[in-house]
């Protein structure tokens, strides 16, 4: 259990929970939703946890005080603009069949204060909503467990609830490679929650790291919600969803066999397909920047010249995730990274391991 520091409270809470949760980076992308439920993915996706890039969240509850009220604080500052979305999230959890009577009574009959902090920039394509809603879902599941000892805290339940806030958040509940969405080659796969990959992962694809190269530290010009909605009328959407399912099948085989070449090829193709779908939507939008393309070209050139096990992926933004094997870490950090930083805003970057999942926090 990790220590943390949250702002002192001016009241004595009736119940509290606190969790740290990582963001994640999808190797096969979730982009597009099925009809019929809240944030069901149109295709299955698989991600790695960004183990060192995390949200820390404390949820404090008071019984009978301003029933139904909620306050959200980010880095100690109240953010009222975030609160409507969080209230919607609480109502979705309230209506979920797995929400206990005790938790429903708390949501109806008391007030909540949420204190959260991220150790990475918000809104720059590092999935801050995934880390934040993952941590908040864990806090709610923790409170439910405190009030009902016959309901142990279950990661699949927290993942299900995290999905109700942000689709990709459901993949942040595990340190192992994590799969979300129905897929014929993944036992127990579900659109409702993510599951850890239980198949073999060869040593050549273990211990990889991610350097997130901050090309643009500002907010994205188009939200993920808007981007997903555009898939509903994208002429290429059906083909994209089929290709994503096939790409996930290829990645699972690459994990088992330790096929690094196929792994890198699929991961890069997925990144470019994601941005291609944005560019052929109506209206279209382009989130890559000149620095994004320069970094992609430099990574590919370095790999071609040296044989290094390094590749890139992208989230729905301008920043580049450089994934690399530990066997090549020294030459990548010493010989490649300095040149890539020339294309980053103020030479900003964040490096992280790809294996650490959520952790409870001491209060």
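Of the residues 135, 162, 200, 217, the single one that is free of Cβ contacts under 8 Å to residues at least 60 places away in the same chain and either more than 22 Å from residue 244 (Cα to Cα) or assigned to a helix (DSSP H, G or I) (or both) is 162. Entry remark, segment 298-326: residues being within 21 Å of residue 201 (Cβ to Cβ) and surrounded by 15 or more Cβ atoms within 10 Å (Cβ to Cβ) number 11 in total. Screening residue 230 with (1) touching a strand residue (DSSP E or B) at 6+ places or on another chain (Cβ under 9 Å); (2) assigned to a helix (DSSP H, G or I); (3) at pLDDT below 95 gives one miss only, at (1). Considering every residue within segment 203-213, establish whether at least one is assigned to a loop (DSSP other than H, G, I, E, B), modelled with pLDDT under 95, under 27 Å from residue 292 (Cβ atoms) and touching a helix residue (DSSP H, G or I) at 6+ places or on another chain (Cβ under 8 Å). Looking for residues that are assigned to a loop (DSSP other than H, G, I, E, B), modelled with pLDDT under 95, under 27 Å from residue 292 (Cβ atoms) and touching a helix residue (DSSP H, G or I) at 6+ places or on another chain (Cβ under 8 Å), one finds none in segment 203-213, hence no.
On inspection, residue 82 qualifies as outside any strand (DSSP E or B) and either within 30 Å of residue 262 (Cα to Cα) or free of Cβ contacts under 8 Å to residues at least 12 places away in the same chain (or both). Set side by side, the residues 83, 71 differ, and just one is surrounded by 14 or more Cβ atoms within 10 Å (Cβ to Cβ) and within 23 Å of the chain's Cα centre (by Cα), which is 83. If you check residue 89 against the conditions, is it touching a strand residue (DSSP E or B) at 6+ places or on another chain (Cβ under 9 Å) and not in a strand (DSSP E or B)? The answer is no for residue 89. Could you check, for segment 195-217, whether at least one of its residues is more than 18 Å from residue 313 (Cα to Cα), surrounded by 21 or more Cβ atoms within 10 Å (Cβ to Cβ) and within 18 Å of the chain's Cα centre (by Cα)? The answer is yes; a qualifying residue exists. The lone criterion from (1) touching a residue at least 40 places away in the same chain (Cβ under 8 Å); (2) in contact with a helix residue (DSSP H, G or I) (Cβ under 7 Å, 6 or more places away or on another chain); (3) not in a strand (DSSP E or B) left unmet by residue 152 is number (1).
With respect to (1) surrounded by fewer than 16 Cβ atoms within 10 Å (Cβ to Cβ); (2) touching a residue at least 60 places away in the same chain (Cβ under 8 Å); (3) more than 21 Å from residue 254 (Cβ to Cβ), the lone exception for residue 185 is condition (3).
Here the condition is being at pLDDT 95 or above, surrounded by fewer than 23 Cβ atoms within 10 Å (Cβ to Cβ), closer than 26 Å to residue 119 by Cα and over 23 Å from the mean Cα position of the chain (by Cα); of 15, 10, it holds for 15 alone.
Candidates are the residues of segment 334-347 that are touching a residue at least 60 places away in the same chain (Cβ under 8 Å) and out of contact with any strand residue (DSSP E or B) (no Cβ under 6 Å at 6 or more places or on another chain); the one that is surrounded by the most Cβ atoms within 10 Å (Cβ to Cβ) is 343. Among all positions in segment 222-240, there is no residue which is assigned by TED's automatic domain parsing to the domain that holds residue 289, more than 14 Å from residue 281 (Cβ to Cβ) and surrounded by 13 or more Cβ atoms within 10 Å (Cβ to Cβ). Among the residues of segment 42-52, those identified as surrounded by fewer than 24 Cβ atoms within 10 Å (Cβ to Cβ) and not in a loop (DSSP other than H, G, I, E, B) are 51, 52.
The values are calculated or read from the model by the stated rules, or taken from the named source; none is laboratory data. Note that this is a predicted model, so its numbers are computed, not measured. Here Cβ is always computed from backbone atoms with ideal geometry, including for glycine, and neighbour counts include all displayed protein chains.
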